[in-house]
Amino acid sequence: MSEQSHTKDSLITVDVDDSLIQYKQMELNSLLEVTKAINMNSSSENLFKIYGFILQAQMKINRLVVLYKEDNDWICVHQIDYNPKVEGMISFDEKWLDYQDAVDLKNSDLEIKKHFDLMLPILHKDRPLAYLLMGKVQEYLNETVSNRLNFIRTITNIIVVAIENKRLFKRKIEQERMNREMELAAKVQNMLVPNILPDNDWIRIDAIYMPHFEIGGDYYDVIETSKDEVLICMADVSGKGISAALLMANFQAMLRLLVKETNDSLSTLVVKLNRSVEDLTQGERFLTFFVAKYNKTKRTFEYINAGHPPPILFEYGDENSLQHLTKGTTIIGAFDELPFIKEGIVENIPPNTNFVLFTDGLTDLVNEQGEFFDEERIIEFVKNQKEQSSKEFNNSLLECINRFKGKTVFTDDITVMSLQMY
């Protein structure tokens, strides 16, 4: 009888050992399946499908939600037997950050205990990457919930860290792509800015170009159309990056082609440029544009202002000579046909007349007191200057800008072109 009892006890022991072996084999198979999926670079969606199957079918967790931190928001990336639209969206509670280990929600004051029994923080280097909410946990193969939690924590950590690594790798690839794009855009931009500006006995030009980032959206150009005439222009395209740089490169190419191969009036030139930009961008991008021709023999300054900040024409020491060049049309590229266009002309330009052209990055500059370097400040600066060369004028303006802004940073590209007509 004793032997029979002993035999019966032995059988019971074997049964228990078999169930433990079965459970451990299931854990091992699950880990192998997850590892294989990670090594095959499976998508995050597929990894969560495998993970959900393991927890529901093998761990007997019949309700679960995985909250994952993406940027600064906690989002639901996987759920079983919980429809946020029906049950009410789970909102992350900062109280969760106080927990470093599994939480029996029944004994907590957390709102989620209405729907779940357990909460498991998933940490990586003491930083929470995810939270696993579990409910309807069933007994399984005589394995306690506590023992199962160790495995659940392990496999969840593997999944979440793998997805976090995929996210970081994707971000790295995206950053490298953006860096390459910016490098290419910068090269394109450098090709748009003239290296040499006229400096002779009848005209002197100097420019300031200060892009906000490595690549800006401003463009300026000077084209000598004859021995007596020069074309001056400046543009500011909406947006930044390679698409803006490529648009500006196309714009420059079209402008130079039209100027070199035709003898169009400024009005015709601007109409053709508008049509070209609108065709390219379908109205999704636009640019402000100022273009002028100075003829030294006729002493005339013809211009069109297409939505650009009005440049200033002036003589040192004569406040009455100061003129704002406003005539023209609206911005380039926003409309199929320009709604209106008018050429401006200044005649009988006296010797030593000066001209300053700039983008709105200058007038949008703000100091520490929240004041703008607006048009009035530019006029005041011009009036306070004694006779200077274009280079000296720009150097003085740079000093003035830096004094004005103090410790504030530039928020946009700043481009200035100064011109002296002798």
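The values are calculated or read from the model by the stated rules, or taken from the named source; none is laboratory data. Here the structure is a predicted model, which means the values were calculated and not measured. Every residue, glycine among them, receives a Cβ derived from its backbone with ideal geometry; neighbour counts consider all protein chains shown.
With respect to the stated conditions, Arg285 is surrounded by 16 or more Cβ atoms within 10 Å (Cβ to Cβ) and part of a loop (DSSP other than H, G, I, E, B). Count of region 246-266 residues, restricted to those that are polar (S, T, N, Q) and closer than 20 Å to Lys187 by Cβ, is 2.
Yes/no per residue for (1) of a type in the set (A, V, I, L, M, F, W, C); (2) buried (at least 19 other Cβ atoms within 10 Å of the Cβ); (3) assigned to a strand (DSSP E or B):
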site: Asp201; (1), (2), (3): no, no, no
site: Tyr219; (1), (2), (3): no, yes, yes
site: Met234; (1), (2), (3): yes, yes, yes
site: Ala244; (1), (2), (3): yes, yes, no
site: Asp264; (1), (2), (3): no, no, no
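Within region 379-419, the set of residues being loosely packed, with under 15 Cβ neighbours inside 10 Å and assigned to a loop (DSSP other than H, G, I, E, B) comprises Lys386, Glu387, Ser389, Gly406, Lys407, Thr408, Val409, Thr411.
Within region 392-412, residues that are of a type in the set (Phe, Trp, Tyr) sit with their Cβ atoms under 8 Å from residues that are assigned to a helix (DSSP H, G or I), at 6+ positions apart or across chains, in these pairs: Phe404/Arg377; Phe410/Gly361. Across region 261-288, the qualifying residues are those that are out of contact with any helix residue (DSSP H, G or I) (no Cβ under 9 Å at 6 or more places or on another chain) and free of Cβ contacts under 8 Å to residues at least 12 places away in the same chain, and the one among them that is nearest to Phe301 (Cα to Cα) is Asn263. Any idea which of Asn62, Asn41 is modelled with pLDDT of 80 or more, assigned by TED's automatic domain parsing to the domain that holds Ser146 and in contact with an Asp or Glu (Cβ under 7 Å, 6 or more places away or on another chain)? Step by step, each of Asn62, Asn41 is checked, and only Asn62 is modelled with pLDDT of 80 or more, assigned by TED's automatic domain parsing to the domain that holds Ser146 and in contact with an Asp or Glu (Cβ under 7 Å, 6 or more places away or on another chain). Candidates Glu278, Glu302: the one that is crowded, with 16+ Cβ neighbours inside 10 Å, touching a strand residue (DSSP E or B) at 6+ places or on another chain (Cβ under 9 Å), assigned to a strand (DSSP E or B) and assigned by TED's automatic domain parsing to the domain that holds Arg377 is Glu302.
Please tell me if Leu55 is assigned to a helix (DSSP H, G or I) and modelled with pLDDT of 85 or more. No. Applying the set (1) free of Cβ contacts under 8 Å to residues at least 60 places away in the same chain; (2) under 19 Å from Leu123 (Cα atoms); (3) small (Gly, Ala, Ser) to Ser44 leaves exactly one unmet item: (1).
Take the residues in region 33-63 that are of a type in the set (Gly, Ala, Ser) and over 16 Å from Arg167 (Cβ atoms), then tell me which one is nearest to the chain's Cα centre (by Cα). The selected residue is Ala37. Taken over region 77-100, the residue count meeting the criterion of being surrounded by 15 or more Cβ atoms within 10 Å (Cβ to Cβ) and either modelled with pLDDT of 80 or more or in contact with a helix residue (DSSP H, G or I) (Cβ under 6 Å, 6 or more places away or on another chain) (or both) is 7. Of all residue pairs spaced 6 or more apart or on separate chains, those with beta-carbon atoms under 6 Å, a first member in region 348-366 that is assigned to a loop (DSSP other than H, G, I, E, B) and a second member that is surrounded by 17 or more Cβ atoms within 10 Å (Cβ to Cβ) and of a type in the set (Ser, Thr, Tyr) are Thr359/Thr415. On the stretch given as region 258-272, residues that are within 22 Å of Phe335 (Cα to Cα) and acidic (Asp, Glu) total 1. Within region 305-323, the set of residues being exposed (fewer than 14 other Cβ atoms within 10 Å of the Cβ) and modelled with pLDDT of 95 or more is empty.
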